[in-house]
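Trainee: Dropping the structure in here first, questions after.
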Amino acid sequence: GFIDMLPANSKPIAFFTYGTLKRNRINHDLLAGSRFIGRAVTVQKYGFYLGLDKQSLDGSSIPYLFKEPRKGEQAVRVYGEVWEVDEFTLKQLDQFEGHPNWYQRAQTVVKLNFGENISSTMYMIPGQPDFHLKVITSGCF
């Protein structure tokens, strides 16, 4: 049909990353073909934690973002980068992030470094933070 004739990247999506997909980080290759929009910080505060990457063999740590922190712990604004991705790249990211069984896609509003607010897709973990996770008080992984 007509839809199939549209280019795959016809609908750009703003994607906010706060972890290993950022520039110079271990998994950035997944965004290599995407356009960098700018550095940004979430408008809302979240539970932001550092913990072991259950998928990694070398015991490296990754950030975990939750809607809310554990009781009595600090919620923070999270710093990261906004990228313009296409549907195909988003599907690859879904696979990489284990959506919807591990991380889940969510919408958030972030404030770009040059002042503009933009609605972005990001990944967060459902449920409550595990007790062994440590708060990232700076909001920056």
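Trainee: Per residue, how big is the convex hull of the stretch 50-120 when only Cα atoms are used? Give it in Å³.
Mentor: Cα convex hull per residue, to the nearest whole number: 131 Å³.
Trainee: Another one. Take the alpha-carbon positions of the stretch 11-57, form their convex hull, and give its projected area averaged over all directions (one quarter of the hull surface) in nm².
Mentor: Reported value for the Cα convex hull: 4.9 nm².
Trainee: Accessible area per residue, 1.4 Å probe, Å², for the chain: what's the number?
Mentor: Values: 8300 Å² over 141 residues.
On a per-residue basis, the chain sits at 59 Å².
Trainee: Of all the accessible heavy-atom surface of the chain, with the other protein chains kept in place and a 1.4 Å probe, what percent is carbon and sulfur?
Mentor: 53 percent
Trainee: Calculate one ³J(HN,Hα) per residue across the stretch 30-36 by plugging θ = phi - 60° into the Karplus curve 6.51 cos²θ - 1.76 cosθ + 1.60, and present them in order as whole Hz with x for glycine and proline.
Mentor: Residue by residue, the stretch 30-36 yields 4, 10, 4, x, 9, 9, 6 Hz.
Trainee: Under 5 Å between amide hydrogens, which residues at least 5 positions from Val135 or on another chain qualify, with H placed 1.01 Å from N in the peptide plane?
Mentor: Leu50
Trainee: Shifting gears a bit: Residue by residue, what Karplus-based ³J(HN,Hα) values in Hz, rounded to whole numbers, does the stretch 65-77 have, using 6.51, -1.76 and 1.60 with θ = phi - 60° and x for Gly and Pro?
Mentor: 10, 10, 4, 9, x, 5, 3, x, 9, 6, 8, 10, 7
Trainee: Could you give the C-alpha radius of gyration of the chain expressed as a fraction of 2.2 N^0.38 Å, taking N as the number of residues it contains?
Mentor: Output field value: 1.07.
The values are calculated or read from the model by the stated rules, or taken from the named source; none is laboratory data. Because the structure is predicted, anything quoted here is derived from the model rather than measured. All accessible areas refer to the heavy atoms of the entire protein, side chains included, with ligands and DNA or RNA removed. Shrake-Rupley method; radii C 1.70, N 1.55, O 1.52, S 1.80 Å.
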